[in-house]
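Asker: First the structure, which I've put down as structure tokens, then a few questions once you've had a look.
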Amino acid sequence: MRAVVLDAPGEPLRPAEISRPDPGPGQVLLRVRACAICRTDLHILDGELPDPKLPLVMGHQIVADVAEAGPGVETATPGDRVGMPWLGWTDGNCRYCMSGRENLCPNARFTGYHLDGGYAEWTVADARFCLPVPEGYPDLEAAPLLCAGLIGWRCLKMTGDAELIGIYGFGTAARLIAQVARYQGRRVFAFTRPGDQETQKSALDLGAEWAGDSTEPPPEELDAAILFAAVGDLVPVALAAVAPGGAVVCGEIHMSDIPSFPYELLWQERVLRSVANLTRADGVEFLALAPRVPVRSSATAFPLEDANRAVGWVRTGAAAGAAVLVPAAMVEGRNPGTRQP
Ligand SMILES: [Zn+2]
Ligand SMILES: [Zn+2]
């Protein structure tokens, strides 16, 4: 099958012909329809996340058809369209798994990091971790929901019942979750790189009430803030913008160091926390909610073989919307949701 392979961090991805995996017990064979690129993939590429499987097929926002079910699979049937997210496997018996916190399982294996993922024509996945993709969502629109959407959803939940939410870093996750926040009757302020008026305008178009530079204080005190930027300098900035009792939620898997700051910024019961990974319950909840909002995502399709170009496009952060890799067989007619950049 065709795939793009990471041989070592720091090297470009290598388009290659590799053998198609066979589903083992409890696994399904998935025919990949589309796989969105996540910023986490850039962190893996750059060697910022330790010990990836090597060589590795990255990709953890996979929309696919179940082609074959391995022995013992009870939750998926050939022909189902499913999503495969970052959480690929957990041990199911540690204190985190046993208390509804499988996202923190110390033995968790992550798709496209410890396990081969979706930058390929085919992949295998543990059937218990596949998620239902809502009907009516084209593949290209569904793919970014599977990480940007899910992590965004978990971050939004961690803000509790905050009414006015500041979102720092207005990329794909922010764009998706701003729509949910508005649907829930919350107010959204968007913070972007200083001077990025194009992104500020698109945030306003998506329902943000105010958009401005991350360096400037908001016109009103925030009830909570979510950081989708990997910039530790923004943590004290966000704490200073949040009202007493409010939370600052960091949604990135990797961040530059947080500078020291006076205790006064945390005092008055402000909370600073991170969000790590996702649980299957997060996935089921969000994918049921998304069509009700409805959450709209904009995506640009790239042929699988152009993975390096697509990754570069994500890295610049210049364009709004997600980059989605599509295998050639899906470009050639079987996938009506596909459009070329
Ligand atoms: Zn566990
Ligand atoms: Zn991701």
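The values are calculated or read from the model by the stated rules, or taken from the named source; none is laboratory data. Everything numeric in this text was worked out from a predicted model, so none of it was measured. With ideal geometry, Cβ positions are generated from the backbone for all residues, glycine too; neighbour counts draw on all protein chains shown. Note: accessible area is taken over every heavy atom of the protein model, side chains too, but ligands, DNA and RNA are not part of it. Shrake-Rupley method; radii C 1.70, N 1.55, O 1.52, S 1.80 Å.
Asker: Between rounded, prolate and oblate, where does region 93-140 land on the alpha carbon gyration tensor, with a ≥ b ≥ c its root eigenvalues, rounded for a/c under 1.5, else prolate if a/b exceeds b/c?
Answerer: Numbers: a/c = 3.01, a/b = 1.57, b/c = 1.92.
Oblate is the answer for region 93-140, as a/c is 1.5 or above yet b/c matches or exceeds a/b.
Asker: Based on the Cα atoms of region 157-205, what semi-axes does the equivalent ellipsoid have, where each is the square root of 5 times one gyration tensor eigenvalue, given in whole Å with the largest first? Before the final figure, lay out each step's value.
Answerer: Working: eigenvalues 74, 21, 17 Å².
In descending order the semi-axes read 19, 10, 9 Å.
Asker: Among Leu239, Leu49, Leu140, determine the one that fluctuates most according to a GNM of the chain built with springs between C-alpha atoms less than 10 Å apart.
Answerer: Of the options given, Leu49 has the highest mean-square fluctuation.
Asker: Tell me the Kirkwood radius of region 135-184: reciprocal of the mean inverse pair distance over distinct alpha-carbon atoms, in Å. Each step should come with its number before you reach the end.
Answerer: Numbers: mean 1/r = 0.0875 Å⁻¹.
So the Kirkwood estimate lands at 11.4 Å.
Asker: Still on this structure, please answer the following. Of Ala240, Ser19, Cys250, whose Cα points farthest to the positive end of the dipole of the chain (charges on the beta-carbon: +1 Lys, Arg; -1 Asp, Glu; origin at the Cα centre)?
Answerer: Projecting each Cα onto the dipole axis, the largest value belongs to Ser19.
Asker: While we're here: When the helices in the chain are scored as -39500 (n - 2.57) per DSSP H run of 4 or longer and the sum is shared across all residues, what 222 nm value do you end up with, to the nearest 500 deg cm²/dmol? The partial results should precede the final answer.
Answerer: Working: 8 runs with 70 residues, N = 341.
Rounded to the nearest 500, the figure is -5500 deg cm²/dmol.
Asker: Can you give the three extents of the C-alpha atoms in the chain along their principal axes, from longest to shortest, in whole Å?
Answerer: Sorted largest first, the three principal extents are 56, 45, 40 Å.
Asker: Could you sort Val231, Val324, Val293 by accessible area so the largest value comes first, with the probe set to 1.4 Å?
Answerer: Val231, Val293, Val324
Asker: Here's something else I'd like to know. Among bridges DSSP assigns within the chain, what percent are antiparallel (round to 5)? Spell out each step's value before the answer.
Answerer: Numbers: 28 of 56 bridges.
Approximately 50 percent, going by the DSSP bridge assignments.
Asker: To continue, here is another question. Would you check the accessible area of Asp46, probe 1.4 Å, heavy atoms only, in square angstrom rounded to 10?
Answerer: Result for Asp46: roughly 70 Å² accessible.
Asker: Moving to a separate point now. From the convex hull of the Cα coordinates of region 206-341, what is the mean projected area in square nanometres?
Answerer: Values: hull surface 44.2 nm².
Seen from a random direction, the Cα hull of region 206-341 projects 11.0 nm² on average.
Asker: Follow-up question, since we're still on this one. Assigning unit charges at the beta carbon (Lys, Arg +1; Asp, Glu -1) and nothing else, what dipole magnitude in debye, to the nearest 20, does the chain show about its Cα centre?
Answerer: On the way: 29 positive and 41 negative charges, 107 e Å.
Using only the charged Cβ atoms, the result is roughly 520 debye.
Asker: Can you sort Ser214, Ser99 by 1.4 Å-probe accessible area, starting with the largest?
Answerer: Working: Ser214 15, Ser99 60 Å².
Per-residue accessible area, sorted high to low, gives Ser99, Ser214.
Asker: Measure of size requested: the Rg and Dmax of region 147-280, with Cα atoms as the atom set and Å as the unit; please supply both.
Answerer: Calculated on Cα positions, Rg and Dmax stand at 13.3, 38 Å.
Asker: Order the peptides 130-138, 113-121, 72-80 from the highest to the lowest mean number of other Cβ atoms within 10 Å of their residues.
Answerer: Details: 130-138: 18.1, 113-121: 24.3, 72-80: 13.8.
Top to bottom by mean Cβ count within 10 Å: 113-121, 130-138, 72-80.
Asker: Over the chain, with every protein chain in place, what whole percent of the accessible area is carbon and sulfur at 1.4 Å, could you tell me?
Answerer: Working: 7320 of 14340 Å².
C and S fraction of accessible area: 51 percent.
Asker: Grab the Cα-Cα distance for Glu305 and Asp22, subtract it from 0.36 nm times how many residues apart they are, and report the gain in nm with one decimal.
Answerer: On the way: separation 283, 0.36 × 283 = 101.88 nm, distance 2.25 nm.
Gain on stretching Glu305 to Asp22: 99.6 nm.
Asker: A follow-up question, please. Quick one: dipole size for region 164-266, taken about the Cα centre, charges +1 on Lys/Arg Cβ and -1 on Asp/Glu Cβ, in debye to the nearest 20. Spell out each step's value before the answer.
Answerer: Numbers: 6 positive and 13 negative charges, 79 e Å.
Using Cβ point charges on Lys, Arg, Asp and Glu, region 164-266 gives about 380 debye.
Asker: May I ask you to work out the translational diffusion coefficient for region 1-157 at 10 °C, viscosity 1.306 mPa s, via Stokes-Einstein with Rh from the Kirkwood sum over Cα pairs, reported in whole µm²/s?
Answerer: Values: Rh = 15.8 Å.
Result for D is 101 µm²/s.
Asker: Express in nm, to one decimal, how much length is gained between Phe261 and Glu198 on full extension, taking 0.36 nm for each residue of separation and deducting their alpha carbon distance. Numbers along the way, then the final one.
Answerer: Details: separation 63, 0.36 × 63 = 22.68 nm, distance 3.13 nm.
That pair, Phe261 and Glu198, stretches by 19.6 nm at full extension.
Asker: Which three numbers, in whole Å and largest first, are the semi-axes of the equivalent ellipsoid of region 93-208 derived from its Cα gyration tensor as √(5λ)? Intermediate results must be reported in sequence, preceding the final value.
Answerer: Details: eigenvalues 174, 74, 39 Å².
Working through the eigenvalues yields semi-axes of 30, 19, 14 Å.
Asker: Would you mind counting up the charge near Gly26? Only other residues with Cβ under 15 Å from its Cβ, with Lys and Arg at +1 and Asp and Glu at -1. Provide the component values of the computation, followed by the final result.
Answerer: Working: positive: Arg109, Arg128, Arg280; negative: Asp22, Glu68, Glu74, Asp91, Asp126.
Around Gly26, the surrounding residues sum to -2.
Asker: Evaluated at 25 °C with a viscosity of 0.890 mPa s, what Stokes-Einstein diffusion coefficient in µm²/s does region 50-95 have when Rh comes from the Kirkwood expression over alpha-carbon pairs? Mind showing how you got there, number by number?
Answerer: Details: Rh = 13.1 Å.
D, rounded to a whole number, is 187 µm²/s.
Asker: Could you state the number of Å between the C-alpha centres of region 163-203 and region 70-104?
Answerer: Computed from Cα coordinates, the inter-centre distance equals 31 Å.
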